[in-house]
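Chemist: Below is the structure I would like to discuss, written out as structure tokens.
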Amino acid sequence: KLIGRILFVDVRPIVSELKKISIGGEVPAQLANDLQAEMDACKAYNAAIKLAGEVPDFATREILEEILNDEDRHVDEIEELQDQIGHMTLGIFLTTQVG
């Protein structure tokens, strides 16, 4: 959606400059890396939403708000997984993830 909107407003998206991906060797490290990535994304989307409102480009702002809501849900899901690990230990947590 976002790239489609960028193309619609006649701007060329730059998708070759992606952020570095951090991969953890263990589940807790991976979750911590994922949480940081989601938090960084939320910060960037909030800044973009603010800018879209100032321009004003309310259609783009609406798309960014939808994406931000997804990112917020991802943060909640990761934090929930981290809480589960804290309450039941990693070994037990991992057994609950096999399905």
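The values are calculated or read from the model by the stated rules, or taken from the named source; none is laboratory data. Nothing here was measured: the structure is a model prediction, and the numbers come from that model. Heads up, the Cβs are rebuilt from the backbone with ideal geometry, glycines too, and the neighbour counts pull from every protein chain shown. What goes into the accessible areas is simple: the full protein's heavy atoms, side chains included, and nothing from ligands, DNA or RNA. Shrake-Rupley method; radii C 1.70, N 1.55, O 1.52, S 1.80 Å.
Chemist: Is one or more of the residues making up the range 48-57 within 19 Å of the chain's Cα centre (by Cα) and closer than 30 Å to GLN97 by Cβ?
Modeler: So far as the range 48-57 goes, no, none of its residues is within 19 Å of the chain's Cα centre (by Cα) and closer than 30 Å to GLN97 by Cβ.
Chemist: So ASP34 ticks every box in (1) open to solvent by 70 Å² or more (accessible area, probe 1.4 Å); (2) modelled with pLDDT of 95 or more; (3) under 30 Å from GLN97 (Cα atoms) but one. Which box is left unticked?
Modeler: Here ASP34 clears every test but (1).
Chemist: Okay, next question. Between LEU64, LEU18, LEU7, which is among the hydrophobic types (A, V, I, L, M, F, W, C), out of contact with any His (no Cβ under 6 Å at 6 or more places or on another chain), over 28 Å from GLN84 (Cα atoms) and loosely packed, with under 11 Cβ neighbours inside 10 Å? Spell out the reasoning first.
Modeler: Numbers: LEU64 fails: loosely packed, with under 11 Cβ neighbours inside 10 Å; LEU7 fails: loosely packed, with under 11 Cβ neighbours inside 10 Å.
It is LEU18.
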